Structures are given as C-alpha cells and as structure tokens.
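Below is one structure, written out as structure tokens, with a few remarks after it.
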Amino acid sequence: MHKKLLRTGLLPLVAVVLTACGDSSSNEGSSCTESSAYPCQTGQSEPLYAFQWALNYAESYFKDFPETFGGGVDLNVEPVHRQGIKGQGVNVLVLDTGTDFKNEDLEPNADWNMAWNFITQTNDPYPALGSDPDADAHGTVVAGIIAAAQNGKGVMGIAPLANLGAANFLSGPLSVSQNYLVEAYGGAEWSKNAHLINASYAGDENISSYEASEDDFGSYAKTLVYRGLKNMRDGKGVAFIKAASNSYESPLCGLDPNLWGLYNCVNPSNDLHTLESNIIVTAALNAKGRASSYSSAGSVVWVTGMGGEYGNSGTYGEGAGTGRIKDGPTIFGTDLSGCIEGYSHTFAETPFLQGKSERGGKPDNPDCDYTYMNGTSSATPTISGVVALMLSANPDLTWRDVRDILRMSARKIDADYTRRGPETSSFKYGALADLTTNEPTPQIGSASDIFDGATRFPLDLGWQTNAAGLQYSNRYGFGVPDAERAVALAIEYKNHPELSRGEDVKIPDFKSVAYWHSNMPLDPDELDEAGDIQLRKNEPFLYERVTSLGKFTWTAQTVDQLQVRLSGENVCLGSIGIAARSPSGTTSLLKLPNDHFKAGVADDNGGIAWNEFSDYALTSYAFHGEDASGNWELFLIASNPDVQIEVGDVVDGTLIRRPSVPCTAKNPDGSEKDYAFAVEARIVAQ
C-alpha cells in the first residue's frame with residue numbers, strides 16, 4: 001500500500017572540556033580560527049535571536065511568560081559556536097516541500113548544486129505553491145532552523161556555516177518521477193554528496209509490509225533504499241534525521257476529554273523509515289521542558305529535539321491560550337519572502353506573523369521573511385543542526401558514530417512524567433487501563449503488570465534503566481542531546497579513531513514465535529521458521545487479557561534493536577498491543593491497543609481495512625546495549641474489540657465526528673470468526 005508522506009509541522013493547526021575561542025561579542029585576544037563575519041560569536045549578533053529559546057534558553061524573550069515557559073532546557077549550542085564550530089564543510093540536504101533559497105538568511109549558504117525541483121526539473125527548489133500556501137513554507141522554515149546564516153539580519157541556524165541543499169520532495173514528485181525516492185536519497189547528482197539529510201515528514205497512519213518479499217516490491221524496494229543510505233559519504237553513511245510525527249493527540253483514538261491525549265495514538269513504527277537502525281527518529285520538547293502535546297511517542301524514538309507548542313496567541317506565540325490546545329512558543333526560522341505566501345502573512349494569527357510586531361519602536365519582521373513553526377518537523381532540524389556541528393568537528397564520523405554520540409550526549413528530562421496527565425484528564429500517562437472496558441483506572445502501572453492472564457496494562461512505562469545501564473523512555477527516547485558534549489565526543493573520536501564504528505548492524509531473518517488460528521491451518525510458506533512456536537488452533541482469539549505469545553531464544557550478541565512482525569486475518573489490529581521482555585528483565589511496550597486502527601476505516605466491501613495485515617512490523621530500542629543471549633518473551637495485550645467510541649477525522653482543517661467502525665470477533669449469528677495470527681521476532685545486533 002502506498003503510504004502518503006506528510007510534513008510534520010503543525011502550523012496552522014568521556015567528556016572533553018574545550019577551550020572557547022571567543023565570547024559572544026568579540027574574538028579579540030582569542031585563538032579563534034573561524035573565518036566569518038562574526039568569528040566565534042553566538043547568535044546574539046542576530047536581531048531575532050532572543051526568540052530562539054532552543055539555542056539560548058536562559059536569556060530568551062519568553063522567560064518573562066511563566067505560563068508557557070520555564071523549567072526547560074536548550075541544546076547548549078553556544079559553547080560550540082564560541083569555539084568557532086558552526087557547521088563548516090557539512091552538506092545538509094533538506095528534503096521537504098521546497099525551500100526559498102533567495103531568503104536573505106538562506107542565500108549565503110545555499111548550494112544550488114545540491115538542489116532540485118521535481119516539478120520544474122531545475123535546480124531551484126522553491127516550492128510549487130498550491131492549495132495550502134501557508135504549508136508550502138514548511139521546508140523553508142526547516143532550512144532556517146538548521147542553517148540560517150549569521151549575518152546580522154534575522155535568525156541564526158544551529159549550523160550557520162553549513163552548505164544548504166534542498167528539494168521539493170513533498171510536493172508531488174510521484175507525478176513526475178517514479179524513482180524520486182532513489183534520486184532524493186543519494187541516487188542523483190544533486191543528492192549524492194549530502195552528508196546529512198533532514199526528513200521532517202512521516203507516513204505513519206497506514207499499514208505496510210516490512211521486508212516481506214519481492215512480491216510486495218514497493219515496501220521491499222523502499223527498505224533497500226533506506227539501507228542504501230549507509231553507503232553514502234564513502235561508506236561512512238549519511239546521517240538521516242527523521243521526524244517521529246505529530247499524532248500523539250490524534251482524534252482517531254477518541255474525543256472523550258478524559259482520554260484525548262492520554263496515550264500515544266499513532267505509532268511511529270507504522271512508518272517504514274523508522275524501522276531501520278540508520279534512521280534517527282526524533283520527538284519534540286516544549287518550552288516547559290516536557291514532551292510537546294502532539295509529539296508521537298513509541299519505542300522507535302531515538303532522541304528528542306525542540307518543537308514547542310502551537311504559538312497561536314500573544315505577539316510572538318508566547319500566549320497561554322485557552323481550551324485544550326496547548327499554547328506557547330515554537331521554533332523560529334526563515335519563511336518564504338514577502339507577506340503574501342508562507343506562514344507569515346497579512347492575515348496570520350499573531351502580530352509577528354503579520355509583519356506588524358516591533359521592539360524598541362523598530363519593526364522586527366516587516367517583510368514577513370521570518371516565522372515560527374512547531375511539530376516534530378521543527379524538532380528534527382534542531383537535531384540535524386547539532387549533527388552538523390558534530391560532523392564539522394569530525395567529518396570522519398560514521399552514521400553509527402553520529403547515532404551513538406547523540407545517545408551518549410542526551411540528557412534525561414521530565415523524569416516522572418507518567419505520574420501526571422493531560423490538563424483535560426483526571427488520569428495519568430502511566431495509568432493502568434482495563435482491557436474489558438477499554439478505560440483507564442486511577443492506578444499507575446509498571447512493567448510488573450504485564451504478565452500472562454493480566455486484565456489491565458500500563459499505558460506508558462516511563463523512564464527505564466536497562467541491563468546495559470541505559471535510560472530510555474517511549475516518550476523521549478534517550479533524551480535531549482547536549483551539543484557541547486556531542487561535539488566534545490566527536491573530537492574525542494577524532495583523536496581516538498579506534499572508538500569509531502564503521503561496520504553495519506547485523507540483520508538476521510525473522511524467527512517465528514507464535515501462530516494462532518481457527519480453521520485456517522498453518523501454511524509453512526508464510527513463516528520463516530515453523531520450529532518451536534506457540535501454536536493455538538480452533539480456539540477463540542484471546543481478547544480482553546494479556547497473553548504470553550511464547551518465548552524465543554537468541555545467541556550472545558549485543559542488542560541494537562528488537563523487531564517484531566505481525567500478520568493477521570480477521571484480527572482487530574486496533575485492539576491488540578505488543579510488549580516484550582528481554583532475558584535481563586527489561587520490558588518494552590512496542591504497540592498499544594486502542595490505537596488509531598481502532599477507529600476503523602470501512603473498505604469497499606463493507607469490511608474493516610485494519611482487520612487484515614501482513615508482515616506489519618514494530619521496533620524497540622529499549623533493550624539497546626543489552627546482551628541478547630537467553631529467552632525473550634512476547635506478550636499480546638488485547639482489549640475489547642466490541643467497545644465503540646466517538647472518534648474524529650480532520651478534513652480540510654475541520655474536525656468531523658463519527659463513531660468508530662466496529663471490529664467484532666463474532667459473526668452475525670454469534671459464532672466466532674475464523675482467524676489467523678502469526679508473530680515473528682528478531683534481534684538486530686550491534
């Protein structure tokens with residue numbers, strides 16, 4: 001099934017201490033070797049820098065608005081900028097809606113040889129303006145967050161001296177090129193020299209088969225293309241930074257205020273990109289130091305960047321807002337030039353976006369060349385900016401080194417988040433949920449609540465420390481990277497190249513774990529290894545409880561990630577969740593029941609589009625670094641498929657309410673439906 005790629009901005013809806021080579025205002029008397037107009041200076045040189053809280057939190061304009069700001073962190077990039085490290089020599093490719101290279105803050109870094117327009121077949125990546133002129137600016141904002149120049153004119157990118165490439169990847173290339181994915185991912189002259197690719201988009205709502213066979217060529221070919229990214233940069237691999245998506249609060253999981261936003265609704269693992277070890281999946285943080293309300297969570301998230309909230313009120317998006325929408329500052333960047341197109345325009349929501357704001361009697365965005373944007377779309381380029389600084393400090397880092405350093409430099413944040421909940425709910429993020437009523441309870445759950453026969457399960461396990469001593473959470477991954485530490489580690493790798501890891505991860509075949517069926521006998525061709533699996537036949541599917549799917553044994557290797565693959569017929573995908581427990585006892589939630597598949601989509605035959613699936617895959621990094629040897633156990637967490645709820649579809653910006661489509665386990669005469677359900681797993685090893 002072709003999966004539509006969606007931009008993920010939401011508007012409108014070892015440590016080595018390095019010697020600084022200058023302060024924020026002067027390099028006089030220092031050893032600074034940076035050759036630019038503002039050598040070894042921070043973004044204080046830029047008129048709009050006060051709004052860039054992701055770069056300097058303590059001195060931000062927003063510090064005077066405690067309702068929406070306070071208690072958070074920034075990326076700690078200023079110490080790196082004072083060292084004169086600003087992305088020099090790094091080729092950053094922004095694959096998005098297109099980019100306005102003529103914006104005054106992007107033009108100095110624009111590399112026209114690393115740019116393409118799929119519509120015009122030229123090297124001008126300006127977006128093809130369509131029915132949504134605001135959102136056409138998406139790629140221009142992303143580009144500015146990464147690499148807006150330090151020129152005293154507007155904002156400053158995290159890597160203001162990086163070489164910037166771009167393409168209108170999300171503006172309909174399918175209509176003009178069947179090979180657009182290959183071309184964009186290093187297979188064309190304009191893309192082959194990229195060191196870093198920013199992908200602020202996601203396609204996480206549908207089901208795609210993963211690594212199934214050449215018979216499903218679309219998904220199979222995409223996986224090969226994603227893995228081919230490892231061959232770029234003379235075998236060091238491109239650093240590919242990917243948005244987790246903005247579906248945590250999707251109305252497809254129900255409109256009850258007590259439940260809306262209580263748990264992650266759409267799993268980032270539904271996007272085939274995110275299953276590959278070389279894709280760095282990024283969640284979003286707001287200015288209060290908590291997960292952005294929209295930021296998709298899941299066991300595939302690697303790190304968290306800065307995304308903010310919605311910025312719908314106040315002068316610069318600092319307003320607290322009203323209702324369930326969480327307001328507060330977002331991330332500032334560049335916009336399409338002028339006040340006609342882009343996020344900043346005459347009829348926008350705030351004075352800054354309208355080009356009417358001023359400070360000290362002087363307009364600060366009179367030509368609407370600057371804007372702000374939220375979403376994991378904004379968080380992703382903040383991480384891309386940090387990676388550009390790392391690669392500038394050490395161009396020999398491999399894709400694995402980049403990923404490792406982001407993890408090692410990450411900070412744990414919001415430590416007890418499972419003990420609070422959304423403002424509209426009386427329940428907590430870590431609540432135990434009843435598998436018969438599909439309702440949360442007042443009790444907080446834990447990994448010990450996941451066992452064979454349980455009738456409740458925890459919505460989120462929070463921060464866990466695995467057997468390798470690594471702290472991980474589905475909401476934040478390994479945490480928020482610290483740029484100063486990341487660059488210090490990059491230099492440490494340069495001084496000690498033996499630390500670098502150039503070899504690929506080890507990707508084995510899937511191993512069959514369980515096969516359940518009723519009057520649908522086992523077809524050996526559908527399973528890679530029949531072997532010693534849990535087999536249930538001619539029994540009802542076990543909804544409304546937690547059931548052990550069985551154990552599988554792995555050899556002594558170091559875990560990179562666990563992957564699980566599901567196939568089913570007449571099985572309600574929206575009513576099943578999956579958990580895993582390692583030989584060391586670490587537990588991970590790979591999929592929640594009652595997710596967006598529960599809403600259902602009626603197919604052309606009157607059936608449910610989500611009750612038949614093949615080789616649907618999930619991933620978890622919660623076990624990263626553990627010893628894989630021993631018995632792994634998988635659990636089915638199955639809720640009640642007959643409970644119908646009110647859900648919502650967003651159509652042209654309008655919320656359309658409807659009942660969820662029933663997905664029952666019974667035939668009209670009350671008999672149990674025949675079904676088949678297969679589960680496979682494997683350990684991708686370091």
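Quick look at the values:
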| read-out | value |
| --- | --- |
| Subset of region 550-587 (residues that are over 13 Å from residue 629 (Cβ atoms) and assigned to a loop (DSSP other than H, G, I, E, B)) | 570, 571, 572, 585, 586 |
| Qualifying residue in region 421-430 (condition: closer than 18 Å to residue 587 by Cβ, over 18 Å from the mean Cα position of the chain (by Cα) and of a type outside the set (D, E, K, R)) | yes |
| Given (1) under 19 Å from the mean Cα position of the chain (by Cα); (2) at pLDDT below 95, index of the condition residue 410 fails | (2) |
| Inter-residue pairs, beta-carbon under 7 Å, first acidic (Asp, Glu) and in region 368-381, second buried (at least 24 other Cβ atoms within 10 Å of the Cβ), 6+ apart | 369/103; 369/154; 369/334; 369/335 |
| Failed item, numbered, when residue 280 is tested on (1) open to solvent by 30 Å² or more (accessible area, probe 1.4 Å); (2) within 23 Å of residue 308 (Cβ to Cβ) | (1) |
| Filter result (open to solvent by less than 10 Å² (accessible area, probe 1.4 Å) and among the polar types (S, T, N, Q)) within region 352-387 | 357, 365, 371, 374, 376, 377, 378, 380, 382, 384 |
| Residues of region 642-686 satisfying the condition of being touching a helix residue (DSSP H, G or I) at 6+ places or on another chain (Cβ under 7 Å) and among the hydroxyl-bearing types (Ser, Thr, Tyr) | 660 |
| Any hit, region 145-157, residues being surrounded by fewer than 24 Cβ atoms within 10 Å (Cβ to Cβ), within 30 Å of residue 289 (Cβ to Cβ), hydrophobic (A, V, I, L, M, F, W, C) and under 21 Å from the mean Cα position of the chain (by Cα) | no |
| Selection count where residues are part of a loop (DSSP other than H, G, I, E, B), within 20 Å of residue 593 (Cα to Cα) and not polar (S, T, N, Q), scope region 419-434 | 6 |
| Selected residue [modelled with pLDDT of 95 or more and open to solvent by less than 50 Å² (accessible area, probe 1.4 Å)] from 308, 321 | 308 |
| Meets criteria (of a type outside the set (Phe, Trp, Tyr), over 25 Å from residue 146 (Cβ atoms), buried (at least 24 other Cβ atoms within 10 Å of the Cβ) and at pLDDT 95 or above) for residue 269 | yes |
| So residue 164, is it within 24 Å of the chain's Cα centre (by Cα), in a loop (DSSP other than H, G, I, E, B) and on the phi < 0 side of the Ramachandran plot | no |
| Residue count for region 555-580, restricted to those that are farther than 24 Å from residue 613 by Cα and open to solvent by 10 Å² or more (accessible area, probe 1.4 Å) | 4 |
| Set 473, 446, 425: member being modelled with pLDDT under 95 and either over 30 Å from residue 409 (Cα atoms) or not charged (D, E, K, R) (or both) | 425 |
| Flag for residue 645 being open to solvent by 40 Å² or more (accessible area, probe 1.4 Å), closer than 17 Å to residue 544 by Cβ and at pLDDT 95 or above | yes |
| Which listed residue, of 6, 11, is open to solvent by 10 Å² or more (accessible area, probe 1.4 Å), of a type in the set (A, V, I, L, M), closer than 30 Å to residue 270 by Cβ and at pLDDT 60 or above | 6 |
| Qualifying residue in region 240-248 (condition: in contact with a Gly (Cβ under 9 Å, 6 or more places away or on another chain), more than 30 Å from residue 650 (Cα to Cα), β-branched (Val, Ile, Thr) and not in a helix (DSSP H, G or I)) | no |
| Qualifying residue in region 443-457 (condition: of a type in the set (Asp, Glu), open to solvent by 10 Å² or more (accessible area, probe 1.4 Å), assigned to a loop (DSSP other than H, G, I, E, B) and within 30 Å of residue 557 (Cα to Cα)) | yes |
| Odd one out for residue 415, checked against (1) among the hydrophobic types (A, V, I, L, M, F, W, C); (2) out of contact with any helix residue (DSSP H, G or I) (no Cβ under 8 Å at 6 or more places or on another chain); (3) over 17 Å from residue 308 (Cα atoms); (4) not in a loop (DSSP other than H, G, I, E, B) | (4) |
| Subset tally (residues that are under 22 Å from residue 154 (Cβ atoms), open to solvent by 20 Å² or more (accessible area, probe 1.4 Å) and in contact with a His (Cβ under 9 Å, 6 or more places away or on another chain)) for region 88-137 | 2 |
| Test for residue 330: is it modelled with pLDDT of 95 or more, within 30 Å of residue 257 (Cα to Cα), open to solvent by less than 10 Å² (accessible area, probe 1.4 Å) and touching a strand residue (DSSP E or B) at 6+ places or on another chain (Cβ under 9 Å) | yes |
| Tally, over region 451-468, of residues that are closer than 16 Å to residue 593 by Cα and under 26 Å from the mean Cα position of the chain (by Cα) | 5 |
| Subset of region 37-73 (residues that are outside any loop (DSSP other than H, G, I, E, B), open to solvent by 40 Å² or more (accessible area, probe 1.4 Å) and under 21 Å from residue 146 (Cα atoms)) | 44, 61 |
| Residue match in region 211-221 (condition: at pLDDT below 95, hydroxyl-bearing (Ser, Thr, Tyr), assigned to a loop (DSSP other than H, G, I, E, B) and within 26 Å of residue 615 (Cβ to Cβ)) | yes |
| Matching residues in region 648-686 - criterion: being modelled with pLDDT of 95 or more and on the phi > 0 side of the Ramachandran plot | none |
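The values are calculated or read from the model by the stated rules, or taken from the named source; none is laboratory data. These numbers were taken from a predicted model, which means no experiment stands behind them. Heads up, the Cβs are rebuilt from the backbone with ideal geometry, glycines too, and the neighbour counts pull from every protein chain shown. Please note that ligands, DNA and RNA were not included when accessible areas were found on the heavy atoms of the full protein model with its side chains. Shrake-Rupley method; radii C 1.70, N 1.55, O 1.52, S 1.80 Å.
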